[in-house]
Amino acid sequence: MNDSIPTPEDRRRAVCEAMAAAPGLIRYATRFTRSLADAEDAYQRAMEIALTRAPTAEPARFMAWLRVVLRNEALAVSGVRRREGPM
């Protein structure tokens, strides 16, 4: 197990591999948001964060970390929308 900090190339590779799971990740994000559009926004933000701050590139650990980031981003988007009022 390699616990070293991943390089930007390692992160890009991990994000590209995770993109194959995009439909499932967006479906996961919809559990925490009001709409599909909000879930997609959270997914996009989570992928941006992954490109710059992912602590690992090992596939299983990366996906677990990405789901946590995605959930947090979905909750943040949902909170902003809730404060903005009804659509």
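The values are calculated or read from the model by the stated rules, or taken from the named source; none is laboratory data. Since the structure is predicted, the reported quantities are computational estimates derived from the model, not experimental observations. Every residue, glycine among them, receives a Cβ derived from its backbone with ideal geometry; neighbour counts consider all protein chains shown. In case anyone asks, the SASA skips ligands and DNA or RNA and just uses the protein heavy atoms, side chains included. Shrake-Rupley method; radii C 1.70, N 1.55, O 1.52, S 1.80 Å.
Numerical summary
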item	result
Two-site label geometry, SER4 and LEU75: point separation in nm, points 7 Å out along Cα→Cβ	3.4
Accessible-area value, GLU58, 1.4 Å probe, nucleic acids and ligands omitted, Å²	80
MRE, 222 nm, helices only [DSSP H, n ≥ 4, -39500 (n - 2.57), over the chain, to nearest 500]	-24500 deg cm²/dmol
Anisotropy class of region 1-47 from Cα gyration tensor, a/c 1.5 cut	prolate
Cα extents of the chain along the three principal axes, largest first (Å)	47, 21, 17
